[in-house]
Amino acid sequence: MRTKLFSLGACVLLMACGAKQAAIDEVQFGLTTAGAIGLSGALAMDAIKGPAPACAAVQAACSSYPCTMGSVNVSLSAGCPLPLGGAAAGSVTVTGSWSSADSAMLQQTFTNATVAAQSNKALAVANVKQVSASRSGNNITISFTGANAVASASGTAVAAGGSQSWTVVVNTKGTADPSDDVLTVDATSASGGAGVLGSARVASIKDAVLDPSCRLNPISGSADITQVSGLIPTITKIQFHATCDGKAEVDGSTQDLQLLP
């Protein structure tokens, strides 16, 4: 009986560790996905309003508003880098309805989108619908939920945004060059996935800054994850730091930040 009790306890501990890692993955992989969606949405907004950035080609222009057939093709490259991951290849087709030059509801489809620094690994997201985009001055705010994102063949639902609601503010610096954009990412989840003993989690990301000076990790901001298994809550804290080393602080310990699953 003692052996059986020990095995059950070990199993519960292992599953709890697995749940914690899943929550961390939802943060680290989700940030890469949010950066790619934010970049593509902002480029499409700039392209439709004009002048179009060099890596964004208008396929269907909006001559007046409201405009229900806008379409832009974004070509990822070293000159059009991902906020996290940097030089990339592939394309993103952005379509949608523009109520004005500064407000739209978008859909995005990623085609053969890969990250050079990750051994040409595919992005975790294949497409996302119902992406809200609005402009105020130099800032373009992109919002979406993980429920509206579909993972690529190499990704997972967690990596494509998980259960969270994401807001990405893209500061274009007033230029058409995407390589100088600064993105600030916030995310919340009302309830993460249920698991062992009725476990659930609530996660939040606050002011994660993706700066062009560093494509390896956010240079500031934080994330809090509250995990409840049975009646026992645990809190995981992630702190992003200014050093561009591809790492983050997880519960006070420096760990590698994985950009893709």
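Taken together, the values in this text are just the output of simple stated rules run on the coordinates, not laboratory data. This is a predicted model, so every value here is computed, not measured. Cβ placement follows ideal geometry from the backbone for every residue including glycine, while neighbour counts extend to all protein chains displayed.
Note on the chain: Lys pairs 8 or more places apart or on different chains, Cα atoms under 24 Å apart, count 12. Between 0 and 90 degrees, the angle of helix 2-49 with respect to the longest Cα principal axis of the chain falls at about 10 degrees.
Set against the labelled values (1) 75, 35, 31; (2) 77, 45, 31; (3) 69, 47, 30, Cα extents along the principal axes in Å computed from this structure falls on (1). Need the C-alpha centroid separation for region 156-184 versus region 62-81, integer Å. Spelled out, the Cα-based centre of one part sits 16 Å from the other. Full extension of the chain between Ala54 and Asn112 gives 18.9 nm of extra length, using 0.36 nm per residue less the Cα-Cα distance. Projected label points at Ala242 and Asp180, each 7 Å from Cα along the beta carbon direction, are separated by 2.2 nanometres. Fully extending the segment from Gln130 to Ser64, taken as 0.36 nm per residue of separation minus the present Cα-Cα distance, adds 21.6 nm.
Report note on the peptides 102-111, 248-257: ranked by the mean count of other C-beta atoms within 10 Å, highest first, their order is 102-111, 248-257. If you take the Cα centroid of region 27-53 and the Cα centroid of region 96-119, the two points sit 6 Å apart.
Dipole magnitude for the chain: computed about the Cα centre from +1 point charges on Lys and Arg Cβ and -1 point charges on Asp and Glu Cβ, it is near 620 debye.
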